[in-house]
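Where a number appears in this text, it was derived from the coordinates with a stated rule and is not lab data. Since this is a predicted model, take the numbers as computed values, not measurements. With ideal geometry, Cβ positions are generated from the backbone for all residues, glycine too; neighbour counts draw on all protein chains shown.
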Amino acid sequence: MTQPVLAELQVGQEVARTEVVVDRARLVRYAAASGDFNPIHWNERVALSVGLPGVIAHGMWTMGAAVGAVVDWVGDPGRVVDYQVRFTRPVPVPDPGHATVEVVAAVGALDESAGTARVDLTVTVEGQRVLGKAQAVVRLV
Amino acid sequence: MPVDTGYAGREYAPNAAFEVGREHLRSFAAAVGAQHPAHTDVEAARALGHPDVIAPPTFAVVVAQRAEAQLFEDPAAGIDFSRVVHADERFTHHRPIHAGDRLVTVLHVDSIVERAGLAMITTRAEIAAEDGEPVATVVSTLAVRPEES
C-alpha cells in the first residue's frame, strides 16, 4: 500500500470520499461491540418518549465510521494520532430502510516539523452536517 | 437532583485492567465498517510493525467508558443518563491499542460548568499499559439537560 507523502500534500486537497450505510441491525452490532446499550439506539418507543424523531445512531458509531476513509488513505490505522468531533445533529435510522452517511476528507493543515497532516472531515446525512470540527491528525513520517 | 458541580477536579484511582482481545477488536471494526486488514489479520498488522491486530481509532471509547462509569453510576453526582447528550469527543493516541494489551485507566473530571440551563461535564480518561506506558487520552464532553419543569 502506498503511503501519502507529506511534502506532496496541499491544504484544501481532497484525499478521500466515501459513503457508509447504517441500518438498525448495524446499530445493534455496534451496541454489542461497544457496550453502549442506550435504548435510544435500538428501541423506537424509548427514542420517541424522550423527544427524538425515532431511533438514532450512536454518535460514537458515526465518529468511528467517518474515520475509516482516512485510515484507508493513510494506509495504517496506527498513524491516526488524534481524532476529535463535535456531535451537532442526530442521525435518525429508519426501519425499514437505512441512512447514508457521506464523508469527504480534505487536508486542513500541514505540520512539517511534527511530520503530521490534519485531515478535516465533512460528514453529512441528506446534505446536512451531523459532525462539526471533525479533525483527524495523521503521522506521515 | 441537579448535577453536583463539586465533582469537578476529581481524580479517580486506577481501575481494574481492561483486557483487549482479538475478537473484540474484530467485532468493533466490523460494526463501524473499518475494513483495514490490520484490525482483523495478525499477519497484516505485523507487516506494519504492530505486535498484534490493532484497534480502530475510536475503540478507546470502550476502554474509557468503563472508567467513566465510576462518575456516571455514582448517584451522588446527580447525572440522569436519560437526559444526557454527547457533545464532543477527542482521542489522542500515544501508541496504537493492540490485542493482548492490559489497559489501566485513571479518570479525571476536568470540568462541570452550567451554561444556559445545561450542565456540561468534561471527563478525561488517561489510558496506560500496566507498566505505566501512556496509550491514549480520551476527552469527552456530555451535556445534561435540566429536568422538565
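The residue list B:78, B:132 contains one member that is without any contact (Cβ under 8 Å) to a residue 60 or more places away in the chain, more than 25 Å from residue A:136 (Cβ to Cβ) and out of contact with any Cys (no Cβ under 8 Å at 6 or more places or on another chain), which is B:132. Annotation note: of A:119, A:123, A:104, the sole residue that is in contact with a strand residue (DSSP E or B) (Cβ under 6 Å, 6 or more places away or on another chain), in a strand (DSSP E or B) and surrounded by fewer than 17 Cβ atoms within 10 Å (Cβ to Cβ) is A:104.
Looking only at the stretch B:71-80, decide whether some residue is loosely packed, with under 15 Cβ neighbours inside 10 Å, within 9 Å of chain A (Cβ to nearest Cβ) and either in contact with a Phe, Trp or Tyr (Cβ under 9 Å, 6 or more places away or on another chain) or of a type in the set (D, E, K, R) (or both). So far as the stretch B:71-80 goes, no, none of its residues is loosely packed, with under 15 Cβ neighbours inside 10 Å, within 9 Å of chain A (Cβ to nearest Cβ) and either in contact with a Phe, Trp or Tyr (Cβ under 9 Å, 6 or more places away or on another chain) or of a type in the set (D, E, K, R) (or both). Of the residues making up the stretch A:87-101, those that are surrounded by fewer than 19 Cβ atoms within 10 Å (Cβ to Cβ) and under 26 Å from residue B:143 (Cβ atoms) are A:88, A:89, A:92, A:94. Scanning the stretch B:1-35 for residues that are surrounded by fewer than 17 Cβ atoms within 10 Å (Cβ to Cβ), free of Cβ contacts under 8 Å to residues at least 40 places away in the same chain and among the charged types (D, E, K, R) yields one hit, B:23. Looking at this structure, is residue B:53 β-branched (Val, Ile, Thr), more than 8 Å from chain A (Cβ to nearest Cβ), within 30 Å of residue B:118 (Cβ to Cβ) and crowded, with 16+ Cβ neighbours inside 10 Å? When the stated conditions are applied, residue B:53 does not pass them.
The criterion of being closer than 21 Å to residue A:34 by Cβ, touching a strand residue (DSSP E or B) at 6+ places or on another chain (Cβ under 9 Å) and small (Gly, Ala, Ser) holds for residue B:100. If you go through the stretch A:4-50 and keep only what is among the β-branched types (Val, Ile, Thr) and buried (at least 17 other Cβ atoms within 10 Å of the Cβ), you end up with A:15, A:18, A:20, A:22, A:40. Here B:125, B:76, B:136, B:60 are screened, and the one residue that is of a type in the set (Gly, Ala, Ser) and farther than 17 Å from residue A:81 by Cα is B:76.
Tell me yes or no: at least one residue of the stretch B:100-118 is over 17 Å from the mean Cα position of the chain (by Cα), in contact (Cβ under 8 Å) with a residue 40 or more places away in the chain and within 30 Å of residue A:78 (Cβ to Cβ). Scanning the stretch B:100-118, I find at least one residue that is over 17 Å from the mean Cα position of the chain (by Cα), in contact (Cβ under 8 Å) with a residue 40 or more places away in the chain and within 30 Å of residue A:78 (Cβ to Cβ), so the answer is yes. Only a single criterion out of (1) in contact (Cβ under 8 Å) with a residue 24 or more places away in the chain; (2) among the polar types (S, T, N, Q); (3) more than 10 Å from chain A (Cβ to nearest Cβ) is not satisfied by residue B:40, namely (1). Among all positions in the stretch A:35-44, there is at least one residue which is small (Gly, Ala, Ser) and in contact with a helix residue (DSSP H, G or I) (Cβ under 8 Å, 6 or more places away or on another chain).
Residues in the stretch B:81-104 that are surrounded by 15 or more Cβ atoms within 10 Å (Cβ to Cβ) and more than 14 Å from every other protein chain (Cβ to nearest Cβ): 2 in all. Residues in the stretch A:2-32 that are within 10 Å of another protein chain (Cβ to nearest Cβ), touching a residue at least 24 places away in the same chain (Cβ under 8 Å) and over 24 Å from residue A:109 (Cα atoms): 7 in all.
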